[in-house]
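Please treat every number below as a calculation from the coordinates, not as lab data. Predicted model, so just to flag it, every value in this text is computed and none were measured. We place every Cβ from the backbone using ideal geometry, glycine too, and count neighbours over all the protein chains shown.
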Protein chains: 2
Amino acid sequence: MRGDAGLPEDAPISAVRRGALVESVHRGRLAVCDPDGEVLESVGDPEAYIYARSAAKPFQALPLVLSGAADAFGLTDRELAVACASHNAEEPHLAAVRSILEKADLTEDDLQSGAHLPLYEPEADNLVRGGEGPRPIHSNCSGKHAGMLAVCVHEGYETATYRDPDHPLQHRILDLIAEVCGLREDKVLVAGDNCGVPAFALPLRSFATGLARLTTGDVLPDELEGAANRIGEAMREHPFMVAGTGRFDTELMDSTDLLVKGGAEAVLAVGSPEGWGMALKISDGSDRAVRPAALAALGTMGVEVPEAVSSMRGLHGETVGEIEPLI
Amino acid sequence: MRGDAGLPEDAPISAVRRGALVESVHRGRLAVCDPDGEVLESVGDPEAYIYARSAAKPFQALPLVLSGAADAFGLTDRELAVACASHNAEEPHLAAVRSILEKADLTEDDLQSGAHLPLYEPEADNLVRGGEGPRPIHSNCSGKHAGMLAVCVHEGYETATYRDPDHPLQHRILDLIAEVCGLREDKVLVAGDNCGVPAFALPLRSFATGLARLTTGDVLPDELEGAANRIGEAMREHPFMVAGTGRFDTELMDSTDLLVKGGAEAVLAVGSPEGWGMALKISDGSDRAVRPAALAALGTMGVEVPEAVSSMRGLHGETVGEIEPLI
């Protein structure tokens, strides 16, 4: 018995150490690119595809600015940030999502994000204690869905079918991702994300290049540069709105000038105003491996970052191990 | 940047597929051995160490029978099974743990398992709804701790210090693991488990060999064979007590004649009365990868098992991907 699936080249990237041994190891791939698509650093094969998942949200929010919907509805930067968020469903997140919907003359009933308990445990516990089930607004993606709906209202697109890959909004998003990342549209692969809208797959290098462009505006046509700047600034000025209490995206944006967005299955997208983008994928999809690997890689790029090694605690509060970068 | 930590050889073992692509991949190591230590099947390096974690619980329960404590206190097979469990904290589990404690003239206050919310979500929700925090009895390890305490009472060992690696009970457990697995004692490495008792690391091959012996009694001295049979039968006759509703260990024992015990960081121990043991470790510690890999490997061993591929559902109930074995 021996597995061999012709899988993309990756490398050990984070490890969990217990006592004298490495107990578990996470492999990953990483590319750092400039806006011209030059690979500055890499781990594994930068040409192999990853699903960007929620790390694509800043791209998915571009039509909100480009269509004029953000201006027409008077959306605030906090609201733009929550439209790019995988949020904790803390009260400020819910308030911002509600506000986007109200401004577009919609209600929570229009949201088709699907429902899951708030990512932030105290808010999840509140709902459980109240005997309430989660509603679509509690989904970490509800800001993205509210933003998509606002574009539909502004453009006169059908709102009921906005999740359909053939809906004009979804076509527009696909075009934009391809354009910003410098790929032909048919090179961006589409599948279904868990919240029911398209999920996009593209080579790590292209995604990193797109992040460099999104953050700097370099190489982009003027209108797109303006929209990218507005989205990027909204996120970087309101890190809490992009994720929330205790979340790595928020922590990292709070302490640096980077644009940071995580995605499901352990994807991390980073853009630096200094002119590079970084895309990271933990091969096995484990979120715990993202932080040490990302901090080590960012350190290599000259970013001042917190300590990459962190302790793991047992049920008696004692240290039972460490999670550490291997790059 | 390129990780290289001199890590043990493993191989792709399970994959998560979304749309046209493998989104995430899990690597692993596996050994199937007979009671003489012959490797019948393997993936990766069978000589490299793993922490057995909770998959060692059937071994950790041996002193309960060997010391005479199980007989002296009149423990039932259900109680022996919960002493080997990583249980869901459903009512039958809590009742069995309480009963062990009462029979040994102890109370919940003697348990030093640490506290975490019940693994079974409806029970966790019940506690949250009631505004209660979890107590040590809700820990998935509380049966193991109750069993350890019962041995201490029976043997006249100090109960307050039973978690200490230098406590006579912990020495005895280490000796037994070494003996059953056919290793010199100093070849079994000890670290701290999350519940505060020793965690044992040993080569995959030795652990698989120990599981073959534990399940068949082969190669073991008579007294140990008797204790192994009693523990193994208790588990196989009461699969619910070993884990609980919706758990893989329980499902697999319900539908086969195997002894099955999972452990944290994605370890699975299996013993077959037909004369082999299997030890599986997912390299990255992801539980979701255990089921497909284990079912594929068990199929290879001639066990009739359920379908190894399973669907992943999105928030709208639609299929968004599959998790499948790569071996």
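Observations
- Scaled to the globular estimate 2.2 N^0.38 Å, the Cα spread of segment A:212-327, given as radius of gyration, is 1.16.
- Counted by Cβ distance under 14 Å from A:HIS145, the other residues give a net charge of -1, where Lys and Arg count +1 and Asp and Glu count -1.
- Between copies, A:THR161 shows label-point distances of 7.5 nm, shortest first, with the point placed 7 angstrom from Cα along Cα to C-beta.
- Structural descriptor for segment B:67-154: relative contact order 41 percent, calculated from alpha carbon pairs under 8 angstrom and at least 6 residues apart.
- Copy-to-copy label distances for A:GLU304, where each label lies 7 Å from Cα along Cα-to-Cβ, are 6.7 nm in order of increasing length.
- Simple spin-label estimate for A:ARG129 and B:ASP105 gives 4.2 nm between the two label positions (7 Å along the Cα-to-Cβ direction from each Cα).
- Unit Cα scatterers, Debye sum, segment A:115-219: log10 I(q)/I(0) for q = 0.11, 0.12, 0.20, 0.23 Å⁻¹: -0.47, -0.54, -1.06, -1.17
- Whole-Hz ³J(HN,Hα) from phi, Karplus 6.51 cos²θ - 1.76 cosθ + 1.60, for segment B:123-138, glycine and proline x: 6, 4, 4, 4, 5, 4, 4, x, x, 8, x, x, 10, x, 5, 6
- Neighbour-limited loop hits for GluC sites (Glu not before Pro), segment B:2-60 (at most 15 other Cβ within 10 Å; DSSP other than H, G, I, E, B): B:GLU9, B:GLU38, B:GLU47
- Normalised contact order of segment B:166-278, rounded percent, pairs of Cα under 8 Å and 6 or more residues apart: 22
- Given charges at beta-carbon only (K, R positive; D, E negative), |dipole| of the protein assembly as shown in Debye: 100
- Cα convex hull volume per residue for segment B:1-142 (Å³): 216
- Debye-sum result for segment A:188-268 in log10 I(q)/I(0), which assumes one identical scatterer on each alpha carbon, at q = 0.18 Å⁻¹: -0.91
- 12 Å cut-off, amide nitrogen to a point 7 angstrom out along B:ARG98 Cα→Cβ, residues in segment B:67-92: B:91-92
- In sequence order, calculated HN-Hα J values of segment A:21-32 (Karplus, 6.51, -1.76, 1.60; Hz; x Gly/Pro): 10, 6, 7, 9, 9, 10, 9, x, 9, 8, 9, 10
- Considering helices alone, the calculated mean residue ellipticity of the protein assembly as shown at 222 nm is -10500 deg cm²/dmol, with DSSP H runs of length four and up weighted by -39500 (n - 2.57) and normalised per residue.
- Table column - 3J(HN,Hα) (Hz), segment A:58-74, Karplus curve with 6.51, -1.76, 1.60, x for Gly and Pro: x, 6, 5, 8, 4, x, 4, 7, 4, 6, x, 4, 4, 6, 4, 8, x
- The Cα atoms of the protein assembly as shown define a convex hull whose projected area, averaged across directions, is 26.8 nm².
- Neighbour counting of Cβ atoms within 10 Å sorts the residues B:MET278, A:MET312, fewest neighbours leading, into A:MET312, B:MET278.
- Cut-off under 5 Å, modelled amide H: who pairs with B:ALA11 long-range: B:GLY28
- By the count of neighbouring beta-carbon atoms within 10 Å, fewest first, A:ARG129, B:ARG98 end up ordered A:ARG129, B:ARG98.
- For B:ASP193, the shell of other residues with beta-carbons less than 12 Å away shows a net charge of +2, using +1 for Lys and Arg and -1 for Asp and Glu.
- Summarising the label geometry, the points placed 7 Å from Cα in the beta-carbon direction at B:GLU307 and A:ALA72 lie 4.6 nm from one another.
- Inter-chain Cβ neighbour count for B:320-326, averaged per residue, equals 3 (cutoff 10 Å, partner chain atoms only).
- Translational diffusion of segment B:105-165 was estimated from the Stokes-Einstein equation, with Rh taken as the Kirkwood radius over Cα pairs; at 10 °C and 1.306 mPa s the coefficient is 128 µm²/s.
- The charge dipole of chain A, taken about its Cα centre with unit charges on the Cβ of Lys, Arg, Asp and Glu (plus for the first two, minus for the last two), comes to roughly 740 debye.
- Options B:PHE73, B:ASN88, B:THR107, ranked by Cα towards positive dipole end of segment B:52-110, top entry (Cβ charges): B:ASN88
- For segment A:279-327, the equivalent ellipsoid built from the Cα gyration tensor has semi-axes of 22, 14, 7 Å, listed from largest to smallest.
- For the residue pairs A:LYS261/B:LYS281; B:LYS144/B:LYS187; B:LYS261/B:LYS281; B:LYS57/B:LYS187; A:LYS57/A:LYS187, alpha carbon separations beyond 21 Å are given by A:LYS261/B:LYS281; B:LYS144/B:LYS187.
- For A:GLU237, label point 7 Å along C-beta direction: distances to other copies, nm: 7.1
- Summary of packing: across the peptides B:200-212, B:246-258, A:80-92, the per-residue average of other C-beta atoms within 10 Å ranks them, highest first, as B:200-212, A:80-92, B:246-258.
- With a 10 Å cut-off around each Cβ of A:247-255, the average count of Cβ atoms from other chains is 0.
- Net +/- balance of residues flanking B:CYS33 in space, Cβ distance below 12 Å, scoring K and R +1, D and E -1: -4
- Amide hydrogen neighbours beyond the local backbone of B:ALA199, cut-off 5 Å, H modeled: B:ALA191, B:GLY192, B:ASP193
- Gap separating the Cα centres of segment B:242-280 and segment A:275-327, nearest whole Å: 32
- Each principal axis of segment B:247-310 carries a Cα extent, and these read 30, 23, 20 Å when sorted largest first.
- Within chain A, A:CYS33, A:CYS84, A:CYS152, A:CYS181 have no other Cys Cβ under 4.7 Å of their Cβ and so lack a disulfide-compatible partner by this rule.
- Peptide-level mean, for A:6-13, of C-beta atoms on other protein chains within 10 Å: 4
- Of every Cα-Cα pair in segment B:1-68, the percent that sits beyond 17 Å: 66
- Whole-number D in µm² s⁻¹ for chain B, Kirkwood Cα-pair radius fed into Stokes-Einstein, 37 °C, 0.692 mPa s: 164
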